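Peer 1: Sharing a structure, written as structure tokens. Questions coming.
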Amino acid sequence: MNKTLLSSFLVGVIFGAGLLISGMANPAKVLGFLDLAGLWDPSLALVMGGAVAVGLVAFTFAGKRTLSLLGEPMRLPTRRDIDKPLVLGSLGFGVGWGLAGFCPGPALVALGAGEIKAVVFTVAMLAGMGIYELIERQRKKSAS
Amino acid sequence: MTIDWQAFTPWASLAGGALIGLAAAIFILLNGRIAGISGILGGVVNPQKGDIAWRVAFLAGMVVTPFLWLLFHSLPAIRIDADFPLLIVAGLLVGISTRYGAGCTSGHGVCGISRLSPRSLLATGAFMGSGFVTVFVIRHVLGV
């Protein structure tokens with residue numbers, strides 16, 4: 001098996017395990033964090049803190065390399081502009097996140113746990129991504 | 001603000017978060033890629049030749065995590081209170097918005113903040129903010 005495929009798979013497993021251990025895969029807990037005015041569960045702030053503490057070190061190293069350890073090109077994002085899709089998209093994502101307590105990663109893990117509601121959410125999310133592709137394809141066609 | 005001390009899981013959340021950070025770290029250092037779930041899914045919805053297999057491997061890893069987990073331990077609680085219509089609306093919104101916003105909690109919230117990317121700092125502030133407002137409106141204005 002190709003090394004990059006194997007590492008992709010293993011990273012998916014580690015990521016999924018992190019979501020399960022941290023409580024992120026449980027929408028009720030996510031909503032407990034987003035509910036500042038109710039009984040507030042601050043746990044998820046620590047999830048992000050723990051992740052970013054490790055990430056800061058890794059991305060500092062990554063930024064100095066031109067090739068990855070497996071010899072792949074480093075595909076680090078280069079954009080720095082703030083545009084309307086970024087702002088409106090992120091605001092819209094937060095609304096969807098707050099409605100059900102699911103963001104994309106936890107939905108996939110809950111789906112793997114056999115939660116039918118996670119299956120429904122994931123199918124709707126994929127449909128949403130398909131709608132994005134259709135809108136953008138149409139927009140590019142009419143622009144050219 | 002009242003903290004829900006009973007729901008608060010500082011150590012599990014910190015450890016799970018560190019594991020998520022580790023996954024992102026391994027992915028950028030070995031594969032040279034950003035572990036952003038919405039972006040990885042987006043590339044499966046709109047497949048480009050030669051850029052699919054690693055995405056499927058990563059997503060498969062996430063989905064099988066609960067199965068692997070069950071070999072050692074029972075799964076932690078996953079409680080989904082949203083009903084089916086709400087899950088569909090939330091899923092569509094998350095799908096469209098994360099593609100326009102170029103990322104979600106993983107790509108912006110973990111990887112982007114670790115890179116100190118101004119776009120990701122803004123995106124994370126935006127989706128956390130609108131998530132807080134959404135839950136406030138649902139629970140404390142509409143009282144659902």
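Peer 1: Being free of Cβ contacts under 8 Å to residues at least 24 places away in the same chain, facing chain A (nearest Cβ under 7 Å) and among the hydroxyl-bearing types (Ser, Thr, Tyr) is true for just one of B:THR98, B:THR65. Which residue is that?
Peer 2: On the way: B:THR98 fails: free of Cβ contacts under 8 Å to residues at least 24 places away in the same chain.
One residue alone meets the criteria, B:THR65.
Peer 1: Residues of segment A:102-144 being facing another protein chain (nearest Cβ under 7 Å) and outside any helix (DSSP H, G or I), which ones?
Peer 2: A:PHE102, A:CYS103, A:ALA113, A:GLU115
Peer 1: Sticking with this one: Name the one entry in B:GLY103, B:GLY107 that is more than 7 Å from chain A (Cβ to nearest Cβ), of a type in the set (Gly, Ala, Ser), assigned to a loop (DSSP other than H, G, I, E, B) and surrounded by 21 or more Cβ atoms within 10 Å (Cβ to Cβ). Please lay out each step first, then the result.
Peer 2: Working: B:GLY107 fails: assigned to a loop (DSSP other than H, G, I, E, B).
Only one candidate passes the filter, namely B:GLY103.
Peer 1: Do the conditions hold for A:PRO85, that is, is it free of Cβ contacts under 8 Å to residues at least 12 places away in the same chain, touching a Cys at 6+ places or on another chain (Cβ under 9 Å) and either charged (D, E, K, R) or farther than 30 Å from B:ALA7 by Cα (or both)?
Peer 2: Details: free of Cβ contacts under 8 Å to residues at least 12 places away in the same chain: yes; touching a Cys at 6+ places or on another chain (Cβ under 9 Å): no; either charged (D, E, K, R) or farther than 30 Å from B:ALA7 by Cα (or both): yes.
When the stated conditions are applied, A:PRO85 does not pass them.
Peer 1: Applying the selection to segment A:1-32, what residues are in a helix (DSSP H, G or I), touching a residue at least 12 places away in the same chain (Cβ under 8 Å) and farther than 16 Å from B:PHE58 by Cβ?
Peer 2: Residues satisfying the conditions are A:LEU20, A:SER22, A:PRO27, A:ALA28, A:LYS29, A:VAL30, A:LEU31.
Peer 1: Which residues, counting only those in segment B:35-59, are within 7 Å of another protein chain (Cβ to nearest Cβ) and surrounded by 17 or more Cβ atoms within 10 Å (Cβ to Cβ)? Full working, then the answer.
Peer 2: We begin by selecting, within segment B:35-59, every residue within 7 Å of another protein chain (Cβ to nearest Cβ); these are B:35, B:37-38, B:41-42, B:45-46, B:53-54, B:57-59.
Within segment B:35-59, B:ALA35, B:ILE37, B:SER38, B:LEU41, B:GLY42, B:VAL45, B:TRP54, B:ALA57, B:PHE58, B:LEU59 qualify.
Peer 1: Which numbered condition trips up B:LEU87, out of (1) surrounded by fewer than 24 Cβ atoms within 10 Å (Cβ to Cβ); (2) free of Cβ contacts under 8 Å to residues at least 60 places away in the same chain?
Peer 2: (1)
Peer 1: Since B:MET128 meets every condition but one in (1) within 24 Å of A:VAL123 (Cα to Cα); (2) at pLDDT below 95, which condition does it not meet?
Peer 2: Result: B:MET128 fails condition (2) only.
Peer 1: Looking at segment A:82-93, is at least one residue surrounded by fewer than 19 Cβ atoms within 10 Å (Cβ to Cβ), in a loop (DSSP other than H, G, I, E, B) and more than 7 Å from every other protein chain (Cβ to nearest Cβ)?
Peer 2: yes
The values are calculated or read from the model by the stated rules, or taken from the named source; none is laboratory data. Because the structure is a prediction, the values reported are computed rather than measured. No Cβ is skipped: glycine too gets one built from the backbone with ideal geometry, and neighbour counts run over all protein chains shown.
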